[in-house]
Amino acid sequence: MELFVWARGLGLPPVDQTAGRTYARFTGAPLKVHKVTNPWRSPSGCLPALKTKEEGVVSQMHQIITHLRKQQYNADYDLSARQGADTLAFVSLLEEKLLPVLIHTFWVDTKNYVEHTRKWYAEAIPFPLNFFLPNRMHKQHLERLQLIWGESCLEDEEELEKEMYHEAQECLTLLSQRLGDQKFFFGDSPASLDAFVFSHLAPLLKAKLPNGKLQQHLKSLQNLCDFCYSILSLYYPWDGGDAPSSAPKTAASEGTESEEEPYKRHNQILSVLVGVAAMIGYAFLSGIVSIQRGPPGAAGPQPIAMEEEEEEEE
C-alpha cells in the first residue's frame, strides 16, 4: 500500500487530512509513504490518497480507514458495542459542528487565509503551481462550506461566528469532558476516534493564526492539548514524521517511508518546462519580446537567453 501525503507534515492548514496516516501508525500497517508538494503527483490528483492493489485509489478518510480494517489492521478491535456507538456519534459531531468552522477559520477568515493559509501553500507548492493552486483550493473550500451551511452562509459573518463558533467551542468542550484524564478516548490504547480527533485538532493547535478565536478555546482545554502533543511525540517524533536533515534515518523509517525518488526527476523537468513556457508567454504578451521580419541577408534571430533554476523537492 502506498500513501501520498503533503511533504510538510502536520504544520499545514488542511484539517481532517492526517487521520488515515495516524490510524495506520496506530495499527502498525506497512505503508510506503510518498511525501509530495504537488497534489497532481498523487494518483487521484489530491492529497491524501491511498494506492491499493485491491480497491485502486481511495482518498476519503473513511475509505482509507475502512480499507486498512479490511487488511486486518483494526485499531477498534477491542472496543465494546457501546464504545463503537460512541465512536460513530463523536465522528459525526466532529464533521457536523467542528469541521465546517475549521474550514472557515483557515480558508474563509480573510486575515487567516492571507497571512497563514495562502502563504503556507505558496511556500510549500513548487513554482509555478503555487501561483494558482492555492486560489483553486480556496474556491473548492468555499464551495464545500456552502454545501454544508447553504448558499447564504457567508453573507453575515458576524452572525455566523456567534452561532457556528459557539457550537464548535461546545464540541471541543464535550470532547475534553469525554477524554477526561485518560491518555486516549477509550483508555491506554488509541482507536479510530483518536485518529479523527487528532486530525482535526493538531493543525489548529500548531498553526500560527493571526485570528485564533477557536484556537484560544482549544488551548484552554489542557487535556486536549496534552492529547495532541502525546500523539505527536509517540507517533510523529519528528514533528509530522519528518526527521531533521542532520539526523540519521532508521532502517524502519526507510522501509516504510520514501522521499519520492522515482518521481523527483520527472517533477523537476515538468516544473522547469512549465516555468519556461510561462515566462516566454509573459514576455510575448507584455511586448518585452517580439518577432520582427529582418531584411534579406540579415542574421537570423538570436536565441532568448533565460536563467533556469532547478529546486529539489523535499
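Listed values, structure above:
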{"read-out": "Residue check for PHE132: of a type in the set (Phe, Trp, Tyr) and modelled with pLDDT under 85", "value": "yes"}
{"read-out": "Candidates SER271, SER246, SER230, SER253 - the one that is modelled with pLDDT under 50 and in a helix (DSSP H, G or I)", "value": "SER253"}
{"read-out": "Any hit, region 196-208, residues being more than 16 Å from the chain's Cα centre (by Cα) and either part of a helix (DSSP H, G or I) or at positive phi (or both)", "value": "no"}
{"read-out": "Every residue from region 45-66 that is open to solvent by less than 50 Å² (accessible area, probe 1.4 Å) and either part of a loop (DSSP other than H, G, I, E, B) or without any contact (Cβ under 8 Å) to a residue 40 or more places away in the chain (or both)", "value": "GLY45, LEU47, PRO48, THR52, GLY56, VAL58, SER59"}
{"read-out": "Pick from region 67-84, criterion in contact with a Ser or Thr (Cβ under 7 Å, 6 or more places away or on another chain) and not in a loop (DSSP other than H, G, I, E, B), ranking: farthest from LYS32 (Cα to Cα)", "value": "HIS67"}
{"read-out": "Exclusive hit being open to solvent by 30 Å² or more (accessible area, probe 1.4 Å), in a helix (DSSP H, G or I), of a type outside the set (S, T, N, Q) and in contact with a helix residue (DSSP H, G or I) (Cβ under 7 Å, 6 or more places away or on another chain), set LYS119, LYS97, LYS111", "value": "LYS97"}
{"read-out": "Members of region 161-188 that are among the polar types (S, T, N, Q) and either under 22 Å from LEU102 (Cα atoms) or under 25 Å from the mean Cα position of the chain (by Cα) (or both)", "value": "GLN169, THR173, SER176, GLN177"}
{"read-out": "Residue match in region 52-68 (condition: within 29 Å of PRO126 (Cα to Cα), of a type in the set (Gly, Ala, Ser) and over 11 Å from the mean Cα position of the chain (by Cα))", "value": "yes"}
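The values are calculated or read from the model by the stated rules, or taken from the named source; none is laboratory data. Nothing here was measured: the structure is a model prediction, and the numbers come from that model. Quick reminder, even Gly has a Cβ in these numbers, built from the backbone with ideal geometry, and neighbours come from all protein chains shown. All accessible areas refer to the heavy atoms of the entire protein, side chains included, with ligands and DNA or RNA removed. Shrake-Rupley method; radii C 1.70, N 1.55, O 1.52, S 1.80 Å.
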